[in-house]
Amino acid sequence: MAIREILKMGDTRLLRQAEPVLDFNSQALLSGIADMKETMLAANGAGLAAPQIGWNVQVLIFGTGLVIPRYPDAAPVPQTVLINPQITPLGEEEQNDWEGCLSVPGLRAVVPRWQSIRYTGFDEFGNTIDRTADGFHAKVVQHECDHLMGILYPMRVRDFGKFGFNAVLFPELQPETDD
Ligand code: NI
């Protein structure tokens, strides 16, 4: 296992379409996921997508199973490895909430997301995952899936009046701020 460098916005490797995983339970897959877990933990993240460490595959990790101090009202999100994900919105309702990203350090914006979704995919062993999620859980999954399509959250901001520096927006949360 190793802590990997997290690519920052401006790096064109964050703008690629990620390749689907064809081979489950392989050594390469498992060791890449172990690196992602260690990297996310070290960065205190809520989620991480493989392209953020320069690995261009459809692999996400998210959730700690714990309440995150900067999102005290959000129900804990189960610790999840999600591969080759598909998202279907359930209904038309949107949520507008603050997001940050480890690839966009120090900043935060209000981003529109679907309130409720169904998401499907596989774990690292090839077992099917099929869940419904709403609120914070749904937001995290949509944010991470966007990374697999080369989309960073600033590309989804509608109101640039709600885009700024953590240290200014949420001084009480310093220094624990990125996700
Ligand atoms: Ni991100």
Residue order, fewest to most surrounding Cβ atoms within 10 angstrom, among Thr12, Thr88: Thr12, Thr88
For Ile6, Ile87, order by how many other beta-carbon atoms lie within 10 Å, fewest first: Ile87, Ile6
Acute angle (nearest 10 degrees) that the helix 135-148 long axis makes with the longest principal axis of the chain, alpha-carbon atoms: 60 degrees
Scattering curve values for segment 50-151, log₁₀ I(q)/I(0), Debye with Cα scatterers, q = 0.15, 0.21 Å⁻¹: -0.61, -1.26
Over segment 51-157, relative contact order from alpha-carbon pairs under 8 Å, at least 6 apart, %: 26 percent
Fluctuation leader among Pro112, Pro69, Pro51 - the chain, Gaussian network, Cα springs under 10 angstrom: Pro69
Normalised contact order of the chain, rounded percent, pairs of Cα under 8 Å and 6 or more residues apart: 25 percent
Label-point gap, in nm, between Met9 and Gln27 - each point 7 angstrom along Cα→Cβ: 3.9 nm
Projected area, mean over directions - the chain, Cα convex hull, nm²: 9.6 nm²
Residue of Gly91, Gly164, Gly45 that the Gaussian network model of the chain assigns the largest fluctuation, springs spanning Cα pairs under 10 Å: Gly91
The chain, helix-only ellipticity at 222 nm - DSSP H runs n ≥ 4, -39,500 (n - 2.57), divided by all residues, nearest 500: -6000 deg cm²/dmol
Cβ-based exposure ranking for Glu124, Glu94, Glu172, Glu5, in which fewest neighbours within 10 Å come first: Glu172, Glu5, Glu94, Glu124
Unit charges at the beta carbon, dipole of segment 12-170: most positive-side option, Gln86, Pro154, Phe24: Pro154
Folded to 0 to 90 degrees: helix 27-43 orientation relative to the chain principal axis, Cα: 20 degrees
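Rule-based calculations on the coordinates, nothing more; no lab input. The model shown is predicted, which means the values in this text are computed figures rather than measured ones. Cβ atoms come from the backbone with ideal geometry, glycine included; neighbour counts cover every protein chain shown.
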